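Trainee: Below are the structure tokens for one structure; questions will follow.
The values are calculated or read from the model by the stated rules, or taken from the named source; none is laboratory data. Keep in mind that this is a model prediction, so the values were computed, not measured. Glycine gets a Cβ as well: all are built from the backbone with ideal geometry, and neighbour counts include every protein chain shown. Heads up: the accessible areas ignore ligands, DNA and RNA and are worked out on the full protein's heavy atoms, side chains in. Shrake-Rupley method; radii C 1.70, N 1.55, O 1.52, S 1.80 Å.
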Amino acid sequence: MTVLKSADQGLAENNTEKKEVRSSYFDLPAMEISKAFPQATPASTFPPCTSDYYHFNDLLTPEEQAVRKRVRECMEKEVAPIMAEYWEKAEFPFQIIPKLGALRVAGGSIKGYGCPGLSITANAIATAEIARVDASCGTFILVHASLGMLTIALCGSEAQKQEHLPAMAQLTSVACWALTEPENGSDASGLITTAKKVEGGWIINGQKRWIGNSTFADVLIIFARNTTTNQVNGFIVKKDAPGLTATKIPNKIGLRIVQNGDILLQNVFVPDEDRLPGVNSFQDTSKVLAVSRVMVAWQPIGISMGIYDMCHRYLKERKQFGAPLAAFQLNQQKLVEMLGNVQAMFLMGWRLCKLYESGQMTPGQASLGKAWISSKARETASLGRALLGGNGILSDFLVAKAFCDLEPIFTYEGTYDINTLVTGREVTGIASFKPATRSRL
């Protein structure tokens, strides 16, 4: 009689056979990177800053220089040693939140309510210094402060500011900002999440996507369309509100530490006191986006600084053909191209800050800055990736991670194409966001 094996038995025997043919060292842990590749220092020991070739630090006030110094020291000491590990796991290192809070940069240029009241330039420098070491940490702070906190500061009631901003400034309360939807990305003004007025408050229904910090945020800034006026309104939704869920988006190749989520709102009740009185149309979001777009432009500046610093050290440490890689003409050419990019990017970002501080910055100028700087950062990352050879695909040496992290930054806060169209509309007076109709032609 033939005895049939169960599926489980067959699978178990098959696995046993596979294990038998594997080497005795198959399941050993990976070798420590400093032992596997002793000729160059990994990014866990972050390189000194060598990218300020034109001494732009001299353009900063003593306050702005002090902000740069303390943020740089914290990021290099507390974040650099663990960033590759958490990036690989796509998990957020919650233990660093109190350390970031102690930097006193959350809330940026907001004055009062326990916020730091920094200049726009100081806020931008802090953004760059965080991103220089880790872009994901930069995005975490940007979403929390330059979107979430700033919306409450610019569009909230006095009671809302008093309730939320002090804790947010210390990062004991974390915010997210939910505008983007599955069906409305670049065309964010077409959002379809609804807010229906009921006695004592509002009922919100809809879905949001790509929302950073959403899976663990204490406060969610939600934008929804008023069913009575058909205008966009803003609401403060507390975590764990009945009908609210936020789930992590998996399988990202960039900003892997950032916890982007899908938000589902099913008959979520929001009391009247949690509606943002300063958001009565989609145009009201532009007050927030004008500042945040400047800060987003400074993220790729910081990332490019880190890439250059890493490559500069690597080329001097790594030897081939009996000489350091820095001795080869092609490598020097690439390195200098990267250095030139960083100088130009910094100067454009600095000028944007000064235009904003003087009240002269236009939406087109902010959009051009974000588009051009993020484009140059991609070019810088590509050059750096080539310089590092095989190590250019390892997150241990920063460049590969930065290369990937720049991709979502190139897209969010307006894609490159959309930002060029914002600037194009401003310089020509003709809007070209929608396909041209026969009558327009």
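Trainee: Looking at (1) open to solvent by 50 Å² or more (accessible area, probe 1.4 Å); (2) out of contact with any strand residue (DSSP E or B) (no Cβ under 8 Å at 6 or more places or on another chain); (3) not aliphatic (A, V, I, L, M), find the lone condition where Gln266 falls short.
Mentor: Evaluating Gln266 over (1) open to solvent by 50 Å² or more (accessible area, probe 1.4 Å); (2) out of contact with any strand residue (DSSP E or B) (no Cβ under 8 Å at 6 or more places or on another chain); (3) not aliphatic (A, V, I, L, M) leaves (2) as the failure.
Trainee: Which residues, taken from the stretch 170-205, are open to solvent by 30 Å² or more (accessible area, probe 1.4 Å) and within 15 Å of Gly114 (Cα to Cα)?
Mentor: Gln170, Thr172
Trainee: Only one residue in Lys239, Lys208 is open to solvent by 10 Å² or more (accessible area, probe 1.4 Å), within 22 Å of the chain's Cα centre (by Cα) and under 30 Å from Trp87 (Cα atoms). Which one?
Mentor: Lys239
Trainee: Return the pairs, sorted by first residue and then second, in which the second residue is small (Gly, Ala, Ser) and in a loop (DSSP other than H, G, I, E, B), the first residue lies in the stretch 307-319 and is open to solvent by 40 Å² or more (accessible area, probe 1.4 Å), the beta carbons are less than 7 Å apart, and the residues are 6+ apart or on different chains.
Mentor: From residues that are open to solvent by 40 Å² or more (accessible area, probe 1.4 Å), the pairs are Glu317/Ala40; Arg318/Ala40.
Trainee: Since Ile253 meets every condition but one in (1) open to solvent by less than 40 Å² (accessible area, probe 1.4 Å); (2) aliphatic (A, V, I, L, M); (3) within 22 Å of the chain's Cα centre (by Cα), which condition does it not meet?
Mentor: It fails just one condition, (1).
Trainee: For the stretch 108-141, which positions are of a type in the set (A, V, I, L, M, F, W, C), open to solvent by 10 Å² or more (accessible area, probe 1.4 Å) and in a helix (DSSP H, G or I)?
Mentor: Once the filter is applied, which keeps residues that are of a type in the set (A, V, I, L, M, F, W, C), open to solvent by 10 Å² or more (accessible area, probe 1.4 Å) and in a helix (DSSP H, G or I), the stretch 108-141 yields Ile120, Ile141.
Trainee: Among the residues of the stretch 192-223, write down those that are in a loop (DSSP other than H, G, I, E, B) and within 17 Å of Leu244 (Cβ to Cβ).
Mentor: Once the filter is applied, which keeps residues that are in a loop (DSSP other than H, G, I, E, B) and within 17 Å of Leu244 (Cβ to Cβ), the stretch 192-223 yields Thr193, Asn213, Ser214, Thr215, Phe216, Ala217, Asp218.
Trainee: Going by the structure shown, is Val237 over 23 Å from Gly108 (Cα atoms), in a strand (DSSP E or B) and aliphatic (A, V, I, L, M)?
Mentor: no
Trainee: While we're on this one: Condition check: at pLDDT below 95 and either buried (at least 17 other Cβ atoms within 10 Å of the Cβ) or part of a helix (DSSP H, G or I) (or both). Does Asn15 satisfy that?
Mentor: yes
Trainee: If you scan the stretch 66-92, which residues turn out to be over 17 Å from Gly306 (Cβ atoms) and surrounded by 15 or more Cβ atoms within 10 Å (Cβ to Cβ)?
Mentor: Scanning the stretch 66-92 gives Val67, Arg70, Ala90, Phe92.
Trainee: Looking at the stretch 154-169, is at least one residue open to solvent by 10 Å² or more (accessible area, probe 1.4 Å) and not in a helix (DSSP H, G or I)?
Mentor: yes
Trainee: Restricting to the stretch 137-155, name every residue that is within 10 Å of the chain's Cα centre (by Cα) and of a type in the set (S, T, N, Q).
Mentor: Answer for the stretch 137-155, where residues must be within 10 Å of the chain's Cα centre (by Cα) and of a type in the set (S, T, N, Q): just Thr139.
Trainee: Of the residues Ala246, Ala217, which is surrounded by 16 or more Cβ atoms within 10 Å (Cβ to Cβ), in contact with a Ser or Thr (Cβ under 6 Å, 6 or more places away or on another chain) and closer than 30 Å to Glu91 by Cα?
Mentor: After applying the criteria, what remains is Ala246.
Trainee: Something else: Residues being buried (at least 19 other Cβ atoms within 10 Å of the Cβ), outside any helix (DSSP H, G or I) and touching a Lys or Arg at 6+ places or on another chain (Cβ under 6 Å): count how many of those fall in the stretch 323-382.
Mentor: 0
Trainee: What's the total number of residues in the stretch 322-352 that are among the aliphatic types (A, V, I, L, M) and within 25 Å of the chain's Cα centre (by Cα)?
Mentor: Going through the stretch 322-352 one residue at a time, the tally reaches 8.
Trainee: Continuing with this model, one more query. Pairs only if they're at least six apart or on different chains, beta carbon under 8 angstrom, first in the stretch 415-441 and farther than 16 Å from Val296 by Cβ and part of a helix (DSSP H, G or I), second modelled with pLDDT of 80 or more and β-branched (Val, Ile, Thr); list them, first residue then second.
Mentor: Gly424/Ile430; Glu426/Thr362
Trainee: So which residues in the stretch 178-226 are closer than 21 Å to Thr415 by Cα and touching a helix residue (DSSP H, G or I) at 6+ places or on another chain (Cβ under 6 Å)?
Mentor: Leu179, Asn184, Ser186, Ser189, Gly212, Asn213
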